[in-house]
1. At 1.4 Å probe size, with the rest of the protein present, what percent of the exposed accessible area of region 45-104 is carbon and sulfur atoms?
2. Place a label point 7 angstrom from the Cα of Ile43 along the Cα-to-Cβ direction, then list the residues of region 59-82 whose backbone nitrogen is under 15 Å away.
3. Just the number: Rg to Rh for region 80-120, Cα atoms, Kirkwood Rh, two decimals.
4. For the pair Arg34 and Asp73, how long in nm is the line joining their label points, each one 7 Å along Cα→Cβ?
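The values are calculated or read from the model by the stated rules, or taken from the named source; none is laboratory data. Computed from a predicted model, the values in this text were never measured in an experiment. Note that we place each Cβ from the backbone using ideal geometry, even for glycine, and neighbour counts take in every protein chain shown. To get the accessible areas, we keep the full protein, side chains included, count just its heavy atoms, and leave off ligands, DNA and RNA. Shrake-Rupley method; radii C 1.70, N 1.55, O 1.52, S 1.80 Å.
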Amino acid sequence: MRPIDRPSAGGRLALVITALAVLSLGAIGLRQMRDPAAIAESITGGDSARAPRLITRYGCGGCHTVAGVPGADGRVGPALEGLLERVYIGGTLQNTPDNLVAWIVDPLSFSPHTAMPPTGIRDQEARDVTAYLYAH
């Protein structure tokens, strides 16, 4: 059996830095696994903390039940909890963050006969709402 060569001082330092980077990324990943909002925000580019105000402002709760948003108890459209686990949005679009943002901004462009009206919401606001809906 051949002995293993010892790395040089520079090689050991590089190995330590690499190990620390891997451990750091692992810690971030573990934190995100316990924090659905962090995961949702990272995949949507939105800020879920701003969403309850936006959901109220744009009247989403008049038609939809939205967990955690006071007064969002509408029954015209579907309840919006567990949205991250759904396959389709509005029965027509594959459920991806960009598709959900686009649907919230302009649902009629994807489904001309949808009951969901134009919302008037801007793209970044829709990203914030998307992050919130994916986290809940």
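1. On the way: 1780 of 3280 Å².
Ligands and nucleic acids excluded, carbon and sulfur give 54 percent.
2. 81-82
3. Result: Rg/Rh = 0.93.
4. 3.4
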